[in-house]
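Visitor: If you scroll down you'll find the structure; I have some questions about it.
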Amino acid sequence: MDLSSWCTRKLEKTPGKLLLGGFLAGAYIGFAGQVFTLVTLPQGIPWSLRQLFGGLVFSVGLIMVVLGKADLFTGNCLLVAHCFKKKAPLRRVLLNWALVYGGNFLGAVFLALLYAASGLPEAQGGIIAERIIAIAQGKIGITFSQGFFRGILCNWLVDLAVLFAIAAGNEVGTILAIPGPIMTFVALGYEHSVANMYFLAAGILQGGSGITWGKALFQNLLPVTLGNIVGGSVLVGVLYSLFL
């Protein structure tokens, strides 16, 4: 499958399927966030190695999204390539983004609610809950401009991974193509809006000090989402449409 065919298939989905696909993708990325939280616990391993390993395991989220044919907002930023080649109106892409983003948010928050209800964050003396809170506090502690630029850098790599998966053309190729770019963005500390939906919701549910929905939405999700749009749409979608 090439990029044009992939965009066409995404844009032909009905609103109901986009919401459901978005819900599933939000949950899949949330599962990846849970594993990242676990493997980056401060247990005597150097921070840089924890970040690298955390990035590697986090890549399972995008693998589940792609193989499961779910819909991820950050990946769908590639749809701008179709607009650039005048194969789809911008309003159609914006509607796709709105539905998928909403579905991603619902899926991520739903998973965070289930995880909190399971009691598992309190395992091992609450060390996982403490790590969840620390991650969320770190995300609302960045400035608007930092979130924006980290969002650009993140989705440049995420959409590159999606492009690699499209080009791979089979399941084995997809599994091999995705981890490199995803490990890179996670290890370097870039910001992914859908992952942050889960991390911030989980932090709020654990009662982290200073973590509120207002701060989550306006100090992190807003700038990061805008950055993700620029990184995926322009630096991958538009640029690659010029020579693919």
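Visitor: In Å and on Cα atoms, what radius of gyration and Dmax does region 193-244 show?
Guide: Radius of gyration, then largest Cα-Cα span, for region 193-244: 15.0, 49 Å.
Visitor: Now for a different question. When the distances between all Cα atoms of region 33-109 are binned every 5 Å from zero, what whole-number percent does each bin get?
Guide: Reading upward from the zero bin: 3, 14, 17, 17, 14, 13, 10, 7, 4, 2, 0.
Visitor: So what are the radius of gyration and Dmax for the Cα set of region 31-174, in Å?
Guide: So, for region 31-174, Rg and Dmax equal 17.4, 56 Å respectively.
Visitor: Do me a favour and compute the ellipsoid semi-axes for region 125-171 from its Cα gyration tensor, root of five times each eigenvalue, largest one first, whole Å.
Guide: 30, 19, 4
Visitor: Using a basic spin-label model with each label point 7 Å from the Cα along Cα→Cβ, how many nm lie between Leu94 and Leu226?
Guide: Distance between label points: 1.6 nm.
Visitor: Helix 47-67: angle to the longest alpha-carbon principal axis of the chain, degrees 0 to 90, nearest 10?
Guide: Tilt relative to the chain: about 50 degrees.
Visitor: Put +1 on the Cβ of every Lys and Arg and -1 on every Asp and Glu Cβ in the chain; which of Cys77, Gly30, Thr14 then has its Cα farthest towards the positive end of the dipole?
Guide: With unit charges placed on the Cβ atoms, the residue in question is Thr14.
Visitor: So for the pair Val39, Val238, with labels modelled 7 Å out along Cα→Cβ, what separation do we get in nm?
Guide: For the pair Val39/Val238, the computed spacing is 3.5 nm.
Visitor: Using a Förster distance of 25 Å, how high is the FRET efficiency between Leu188 and Thr14, based on the Cβ-Cβ distance and rounded to 0.05?
Guide: 0.10
Visitor: Okay, next question. Taking only Cα atoms, what is the 0 to 90° angle, nearest 10, from helix 123-140's long axis to the longest principal axis of the chain?
Guide: Value to nearest ten degrees: 50.
Visitor: Counting only heavy atoms of protein chains, what accessible area per residue, in Å², does the chain have with a probe of 1.4 Å?
Guide: Roughly 44 Å² per residue, with all protein chains present.
Visitor: If you don't mind, there's one more thing I want to ask. Helix 15-39 versus the longest principal axis of the chain: what is the Cα-based angle in degrees, 0 to 90, to the nearest 10?
Guide: Rounded to the nearest ten degrees, it is 40.
Visitor: How much of the accessible area of the chain, in percent, comes from carbon and sulfur atoms when a 1.4 Å probe is used?
Guide: On the chain, the fraction of accessible area on carbon and sulfur atoms equals 70 percent.
The values are calculated or read from the model by the stated rules, or taken from the named source; none is laboratory data. Bear in mind the structure is a predicted one, so any value in this text is a computation, not a measurement. Please note: Cβ atoms are built from the backbone with ideal geometry, for glycine as well, and neighbour counts cover all protein chains shown. Accessible surface areas use protein heavy atoms only, side chains included; no ligands, DNA or RNA. Shrake-Rupley method; radii C 1.70, N 1.55, O 1.52, S 1.80 Å.
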